[in-house]
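Structure first, then comments.
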Amino acid sequence: MFHAILFYSFAAILVVAALGVIFARNPVHAVMFLVLAFFQSAVLWLLAEAEFLAIVLVLVYVGAVMVLFLFVVMMLDVEVEEIRGGYTRYAPLGIVIAGLMVVELAQVIWLRGKEGFAVDGFRPTPEGYSNTEALGSVLYTEHVYAFEIAAVILLLAIVAAISLTMRRRPGLKQQDIASQVAVRAQDRVRIVKMASEKPE
Amino acid sequence: MNLSQISPAAPEITLTLMICVVLLADLFVPQEKRVITFWLSIASLAVTAWVIVVTASSATTLAFDGSYVSDPLSRLMKLCATGIVGVGFLYARDYLQQNDLLKGEYYLLGLFGLLGMMIMMSANSLLTMYLGLETLSLSLYALVAFERESAKAAESAMKYFVLGAIASGALLYGISWVYGVTGTLHFHEIAEVIRQNPGLNDVPLWFGIAFMIVGIAFKFGAVPFHMWLPDVYQGARSPVTLYIATAPKIAALALLFRILVDGLGELHGVWQGMIMVVAVLSLLIGNIVAIAQSNIKRMLGYSAIAHVGFILLAVFTGSETGYAAALFYTLTYIVMAAGAFGMVILLSRQGFEAEAIRDFKGLNARNPWFALMMLFFMFGMAGVPPWVGFIAKLNVINAVLEAGFPGLAVLMVLASVVGAYYYLRVIWYMYFDAPEDRSVFQSQADTRFVLSLNGIAVLALGILPGWLLKLCIDVIGHS
């Protein structure tokens, strides 16, 4: 019972936050609502005892992706009204997609109710079981090869991205710290000895 | 996990380590001495090849809980891929230097691509295969866009990237269906599950196979998933085109062999028809559209599509003879393709890309020896005896006849006759037309030497194909 109350209250906050993402006037507020939505989903996962997914959601999405979003939103100085303009234009498509998802959900729920599709209720995991540990132990044993290849792909992505984007732009003023530090007074100031002159 | 458990993957591990060495060394090499990166890359390839040869045995070893397989087939493919990548690097060096493109990234991305191919050749699970494929594809996308200032290169890279991502998606979707039906990702287990449950041979599995064939056909560049190929061949710089046109074909063959033969060999009857449609369309469209091309890179692109038709028809037979013929065809085709693109690179110079067929006019008057080499490559691709292309085509036709499809064999012969037209046109230009431009080739002696060896190899393999053919049959038999 307590579990159910928790679930419904968190789920309600999640829905409100998701609506907030769409309806917030200020894009920064929208991003903040999205952060809240992610957080609530993470909590729901925790309730389902999927703590690894919850941790990853907070670490990766809230910690990294959303921060990046915030940077982009703040840097780009988005014109809110311009985006609003597309709102009615895209609404029909959005309604169709939402309708499809509702139908799919209804089908799944209907299937669950049918004979032969008996679905076990939520079964708590045994004491001392950690799915983080379970995932980690297969990731580093059974799937270590795939894991290492994924690491190589990340390295490759770095090399590729840098080779495609880094270049010396003409006219770009750069600091050369080493030469700034190593500079001596003689390089900058020229002391000229000359005979003093008397004013006429 | 101890060392003996990961030792079968020694070639991949060595190459990864060498990539890291090249990556770090390249940081400290001044631009005017960039050629050091080139020699380091060649050294990496040599070390990798040495490791492949030293660890070779006729046994099949699984590693990493069955997601890696080391068998004679994978070792032969890896060795050939390593060699051809090295040849491509050598052809590219002078060209890159003249065009101010000699950067460490070209070699690094090339080595990363080779690593991806080697992972694919040794993949024993759908997951490993997919990761290897992505490693290869990512390097290729970046290589195509390698020349930043060129709008053409950026356009073709974008096209390649978007289409490649869709194809990878299709392949993954197919993989998810096959995994859903069989409950395993490992090829030998998939084969086992299908053998024990004949009831699985039903629509869901066929659906998955169809999507996987879309992915495979795209990576090969087979019709109707060939749209990217001519544009990428033309848009990329010639050394990059050379790279894409050679070693990845072996990797695509590995993809085909591992998934369709190792994993789904039992369902040969299901995928045979799909492969046949793709192969026949490739043969026809590749050969016919190539006639209309005036750009030699584009023409070679369409000719590659036609050659892929041959390779797929060899696999289509589903017999060991056919598989060996496909392997032989691929290995010899990449030797010819490397040579042909090597000639395009040789004729190019600073600020000038010899990509029109008419740039080959009067080559005989300019340099009879390299005109002869180009003649070797063109006759080889056209399938004129005694060059090796003839033997390769003959093997495939033989396998198709053995499998009982005389109609297809006739079609292949007709397509080859059509194909001969555009290869002969290049030869006609070289020997019977006056040169339009008389500039001297600017490549160094070692490039010329290897290009000559490449040409002679096309002839020598054609005269003495026995050992390679036997090797291919042995390797297929052992795998």
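Would you check if B:Ile52 is among the aliphatic types (A, V, I, L, M), in contact (Cβ under 8 Å) with a residue 24 or more places away in the chain and away from chain A (no Cβ under 14 Å)?
In short, yes.
Would you call B:Ala222 in a helix (DSSP H, G or I) and either touching a residue at least 40 places away in the same chain (Cβ under 8 Å) or not aromatic (Phe, Trp, Tyr) (or both)?
No, not satisfied.
Residues in the stretch B:438-469 that are over 24 Å from B:Ala324 (Cβ atoms), of a type in the set (Val, Ile, Thr) and open to solvent by 40 Å² or more (accessible area, probe 1.4 Å): how many?
Count: 2.
Hey, any hits in the stretch B:47-60 for a residue that's closer than 28 Å to B:Leu185 by Cβ, of a type outside the set (S, T, N, Q) and part of a loop (DSSP other than H, G, I, E, B)?
Within the stretch B:47-60, one or more residues are closer than 28 Å to B:Leu185 by Cβ, of a type outside the set (S, T, N, Q) and part of a loop (DSSP other than H, G, I, E, B).
Given the options A:Glu148, A:Glu104, name the one that is modelled with pLDDT of 90 or more, open to solvent by 90 Å² or more (accessible area, probe 1.4 Å) and within 14 Å of another protein chain (Cβ to nearest Cβ).
Sole residue among the options that is modelled with pLDDT of 90 or more, open to solvent by 90 Å² or more (accessible area, probe 1.4 Å) and within 14 Å of another protein chain (Cβ to nearest Cβ): A:Glu148.
Could you please let me know if B:Leu40 is within 13 Å of chain A (Cβ to nearest Cβ) and not aromatic (Phe, Trp, Tyr)?
No; evaluated as a whole, the condition is false for this residue.
Quick one: which of B:Leu281, B:Leu312 is surrounded by fewer than 22 Cβ atoms within 10 Å (Cβ to Cβ) and in contact (Cβ under 8 Å) with a residue 24 or more places away in the chain?
The match here is B:Leu281.
Just the residues that are among the hydrophobic types (A, V, I, L, M, F, W, C), within 14 Å of chain A (Cβ to nearest Cβ) and assigned to a helix (DSSP H, G or I), please, taken from the stretch B:81-111.
B:Leu96, B:Leu108, B:Leu109, B:Leu111
Determine, yes or no, whether B:Leu372 is at pLDDT below 90, part of a helix (DSSP H, G or I) and over 19 Å from the mean Cα position of the chain (by Cα).
The answer is no for B:Leu372.
Picking from B:Ala43, B:Ala81, B:Ala59, which residue would you name as being at negative phi and open to solvent by less than 30 Å² (accessible area, probe 1.4 Å)?
Among B:Ala43, B:Ala81, B:Ala59, only B:Ala81 is at negative phi and open to solvent by less than 30 Å² (accessible area, probe 1.4 Å).
Exactly one condition in (1) open to solvent by less than 30 Å² (accessible area, probe 1.4 Å); (2) within 17 Å of the chain's Cα centre (by Cα); (3) more than 25 Å from A:Ile153 (Cβ to Cβ) is false for B:Val87; which is it?
So the condition that B:Val87 fails would be (1).
When residues of the stretch B:284-309 are filtered for being among the hydroxyl-bearing types (Ser, Thr, Tyr) and open to solvent by less than 20 Å² (accessible area, probe 1.4 Å), how many remain?
Result for the stretch B:284-309: 1.
Given the conditions (1) surrounded by fewer than 21 Cβ atoms within 10 Å (Cβ to Cβ); (2) closer than 17 Å to B:Glu402 by Cα; (3) in contact with a Lys or Arg (Cβ under 9 Å, 6 or more places away or on another chain), and given that B:Glu320 satisfies all but one, which numbered condition is not satisfied?
(3)
Looking only at the stretch B:393-401, decide whether some residue is open to solvent by 40 Å² or more (accessible area, probe 1.4 Å), aliphatic (A, V, I, L, M) and more than 21 Å from B:Asp94 (Cβ to Cβ).
Yes, the stretch B:393-401 contains at least one residue that is open to solvent by 40 Å² or more (accessible area, probe 1.4 Å), aliphatic (A, V, I, L, M) and more than 21 Å from B:Asp94 (Cβ to Cβ).
Look at the stretch B:414-433 and say how many of its residues are open to solvent by 70 Å² or more (accessible area, probe 1.4 Å) and of a type in the set (A, V, I, L, M).
So the answer is 3.
Restricting attention to the stretch B:22-36, and to residues there that are more than 13 Å from every other protein chain (Cβ to nearest Cβ) and in a helix (DSSP H, G or I), which single residue is farthest from B:Met118 (Cα to Cα)?
The residue in question is B:Glu32.
Check A:Trp45 against each of (1) at pLDDT below 90; (2) within 26 Å of A:Thr132 (Cβ to Cβ); (3) open to solvent by 50 Å² or more (accessible area, probe 1.4 Å); (4) more than 14 Å from the chain's Cα centre (by Cα) and name the one condition it does not meet.
Going through (1) at pLDDT below 90; (2) within 26 Å of A:Thr132 (Cβ to Cβ); (3) open to solvent by 50 Å² or more (accessible area, probe 1.4 Å); (4) more than 14 Å from the chain's Cα centre (by Cα) one by one, A:Trp45 breaks only (1).
For the stretch B:112-204, please list each of the helices (runs of 4 or more DSSP H) lying entirely inside it that holds at least 3 residues being within 14 Å of chain A (Cβ to nearest Cβ) and open to solvent by less than 10 Å² (accessible area, probe 1.4 Å).
Result: B:126-144, B:151-182.
The values are calculated or read from the model by the stated rules, or taken from the named source; none is laboratory data. Note that this is a predicted model, so its numbers are computed, not measured. We place every Cβ from the backbone using ideal geometry, glycine too, and count neighbours over all the protein chains shown. SASA here: full protein model, heavy atoms, side chains in, ligands and nucleic acids out. Shrake-Rupley method; radii C 1.70, N 1.55, O 1.52, S 1.80 Å.
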